[in-house]
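K.L.:
Before anything else, here's the structure in question.
The values are calculated or read from the model by the stated rules, or taken from the named source; none is laboratory data. Keep in mind that this is a model prediction, so the values were computed, not measured. Glycine gets a Cβ as well: all are built from the backbone with ideal geometry, and neighbour counts include every protein chain shown. What goes into the accessible areas is simple: the full protein's heavy atoms, side chains included, and nothing from ligands, DNA or RNA. Shrake-Rupley method; radii C 1.70, N 1.55, O 1.52, S 1.80 Å.
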Amino acid sequence: MIYVGIDISKYKHDCFICNDLGEIIVENLSFENTKKGFQQFLDLLKPYDNSNVHIGLEATGHYGLNLKLFLEKNNYTFMEFNPLLVKEFSKSLSLRKTKTDKVDAMTIAQKLLSVPYKPNSKLFYHKYSMKSLSRLRETLVKQRSKYMVQMTNVLDIIFPEFKPFFSNRFSATSLYILEKYKSPDKIANMKDFDTLKSLSRSHFTYSKFIKLKDLAKNTIGESNEVFELQLQILLNLYKEIDIKIDSIDNQISTIVKELNPPTLSIPGIGVNSCATIISEFGDISKFPNPSKMLSFAGLEPGIIESGTMSSKGKMVKRGSGYLCYALMNVAMVVIANNHIFYDFYFKKRTEGKCHRVALSHVCKKLIRVIYILETKNISFDPSLLR
């Protein structure tokens, strides 16, 4: 068996190759992150049967994506390690504080020798695509929210009564009015009630139409060209991001439907939430038990024991922030859709735990359910919950 440790970096990669006895085959090879460099690395592996080559590397974001896809295309498997685990493993090998790319590649190979080989799933590319899209979506949603706040700030000057009239929300009707009329004077003279009624699916009644015009006529706001320009620019940016988010949603939905993960069968978990959870966890079959998934999600409490003292600290929060955020948000929806999850949440509340702590316990229960569904490839059955 051949063991290959690869240290990933932006422009080049370092590798170390040894056999199962620890005998060095290639002590140091740096190859560029180019087609020529990849071929140079592949030539090193050609003398060995693909099934006898175990490759290990750190999960270093997008820098290693092209190499991973290249290995997959050439029928090689690889196993990813959490960089923190590699760092701690390196400390256990020596008291010397030495960190170079060459040493890191050797450490990864030695780590590979010390654990059971669990290669990445063949669905690696699909899940990586979902992960990239989900993270980009989260970034755009946050940016859209910032534009909403900025629009509110401008409206507080131009027409402070406008947003409270629409229950402090930017609906399709309110955005249409702002985009078309831009100022209170023009809103006070608007006449296209039928268009607004159709756009709101008859929720925007004639009485509301008259009341909004009256508010615009008697507003205490002050409008001028500068504020109107700000509002128009912010509206354009908001709409542009909204269109991009819709496009990402469609792409995520296509991938999720293709994968059809069992997690999607849990009531309360939608397509976008499912995509984030599944892609952030990656290959769930690599986790030996749900506890490892809890740790990966940063939902595991720290344990402190010394002498006769023993206590549990706060959540370690070393996992994916995107994953933890998605789980906490989806837990609120899940307890509203399943009485067993709600009863569990209520039980924790009656024990004196605050809302977020009780919700974190729901997340833990939810992760255990996801683990069973994904590893056994079965759909959610509420009758089996305890």
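K.L.:
Which value in deg cm²/dmol, rounded to the nearest 500, describes the helix-derived mean residue ellipticity at 222 nm for the chain, given -39,500 (n - 2.57) per DSSP H run of n ≥ 4 and division by the residue count?
P.N.:
Working: 16 runs with 222 residues, N = 386.
Rounded to the nearest 500, it is -18500 deg cm²/dmol.
K.L.:
Keeping all protein chains in place, calculate the accessible area per residue for the chain (probe 1.4 angstrom), answer in Å².
P.N.:
On the way: 21750 Å² over 386 residues.
Heavy-atom accessible area per residue stands at 56 Å².
K.L.:
So, one more: Which aspartates and glutamates does Lys142 reach when only Cα atoms under 18 Å apart count, and residues fewer than 8 places away in its own chain are ignored?
P.N.:
Glu240, Asp242, Asp246, Asp249
K.L.:
Okay, moving on. So if R0 is 56 Å, what FRET efficiency would Ile372 and Glu179 give, r being the distance between their Cβ atoms, rounded to the nearest 0.05? Can you show the working numbers first?
P.N.:
On the way: r = 49 Å, r/R0 = 0.87.
Plugging the Cβ-Cβ distance into 1/(1 + (r/R0)^6) gives 0.70.
K.L.:
Can you compute 3J(HN,Hα) from phi for each residue in the stretch 205-221, using the Karplus curve 6.51 cos²θ - 1.76 cosθ + 1.60 with θ = phi - 60°, rounded to whole Hz and x for Gly and Pro?
P.N.:
Ordered by residue, 3J(HN,Hα) equals 7, 5, 5, 5, 4, 5, 5, 5, 5, 5, 4, 5, 5, 10, 5, 8, x Hz.
K.L.:
So for the stretch 11-63, averaging the separation of alpha carbon pairs under 8 Å that are six or more residues apart and normalising by length, what relative contact order in percent results?
P.N.:
Details: 39 pairs, mean separation 12.6, N = 53.
It comes to 24 percent, rounded to a whole number.
K.L.:
Follow-up. Do the alpha carbons of any pairs in Lys87/Lys257; Lys239/Lys348; Lys35/Lys102; Lys239/Lys364; Lys46/Lys286; Lys211/Lys244 sit beyond 31 Å of each other, and which pairs?
P.N.:
Details: Lys87/Lys257 38 Å; Lys239/Lys348 42 Å; Lys35/Lys102 21 Å; Lys239/Lys364 37 Å; Lys46/Lys286 27 Å; Lys211/Lys244 34 Å.
As for pairs spanning more than 31 Å Cα to Cα, those are Lys87/Lys257; Lys239/Lys348; Lys239/Lys364; Lys211/Lys244.
K.L.:
Taking every pair of alpha-carbon atoms in the chain, what share in percent sits in each 20 Å bin, from 0 to the bin with the longest distance?
P.N.:
Distribution as computed: 22, 41, 29, 9, 0 percent.
K.L.:
In whole angstrom, how far apart do the alpha carbon centroids of the stretch 162-207 and the stretch 355-373 sit?
P.N.:
42
K.L.:
Okay, next question. When you have a sec, figure out the Kirkwood radius of the stretch 26-157 from all distinct Cα pair distances and drop it here in Å to one decimal?
P.N.:
On the way: mean 1/r = 0.0562 Å⁻¹.
Kirkwood radius, the stretch 26-157: 17.8 Å.
K.L.:
Given the stretch 130-179, what whole percent of its Cα pairs are spread farther than 14 Å? Don't jump to the answer; show the numbers that get you there.
P.N.:
Details: 719 of 1225 pairs.
Counting every Cα pair in the stretch 130-179, those more than 14 Å apart make up 59 percent.
K.L.:
How high is the FRET efficiency from Lys91 to Lys353, r the C-beta distance, R0 35 Å, rounded to 0.05? All intermediate terms of the calculation are to be shown ahead of the outcome.
P.N.:
On the way: r = 36 Å, r/R0 = 1.03.
Once rounded, the FRET efficiency stands at 0.45.
K.L.:
Report the local net charge at Cys18: Lys and Arg +1, Asp and Glu -1, summed over other residues whose C-beta lies under 13 Å from its C-beta.
P.N.:
Values: positive: Lys111; negative: Asp20, Glu23, Glu27.
Value of the local net charge: -2.
K.L.:
Another question about this same structure. Can you tell me the 0 to 90 degree angle between the C-alpha axis of helix 83-93 and the longest principal axis of the chain, rounded to 10?
P.N.:
The helix 83-93 is inclined about 30 degrees to the chain.
K.L.:
Net charge within 11 Å of Lys180 by Cβ-Cβ distance, Lys/Arg positive one each and Asp/Glu negative one each, not counting Lys180 itself?
P.N.:
Neighbourhood net charge equals 0.
K.L.:
Please compute the length gained on full extension between Ser171 and Leu84, using 0.36 nm multiplied by the number of residues separating them and subtracting their Cα-Cα distance.
P.N.:
Computed gain between Ser171 and Leu84 is 26.8 nm.
K.L.:
Place a label point 7 angstrom from the Cα of Ser265 along the Cα-to-Cβ direction, then list the residues of the stretch 365-382 whose backbone nitrogen is under 17 Å away.
P.N.:
366-382
K.L.:
Got a number for carbon plus sulfur as a percent of the chain's accessible area, 1.4 Å probe? The partial results should precede the final answer.
P.N.:
On the way: 11640 of 21750 Å².
That share works out to 54 percent.
K.L.:
Taking a ≥ b ≥ c as the square roots of the Cα gyration tensor eigenvalues, with a/c under 1.5 meaning rounded and otherwise prolate when a/b beats b/c, else oblate, which class fits the stretch 161-243?
P.N.:
Details: a/c = 1.80, a/b = 1.12, b/c = 1.61.
It comes out oblate by the Cα gyration axes.
K.L.:
Relative contact order for the chain: what is it in percent, counting Cα pairs under 8 Å that are at least 6 residues apart? Spell out each step's value before the answer.
P.N.:
Values: 478 pairs, mean separation 48.1, N = 386.
Reported relative contact order: 12 percent.
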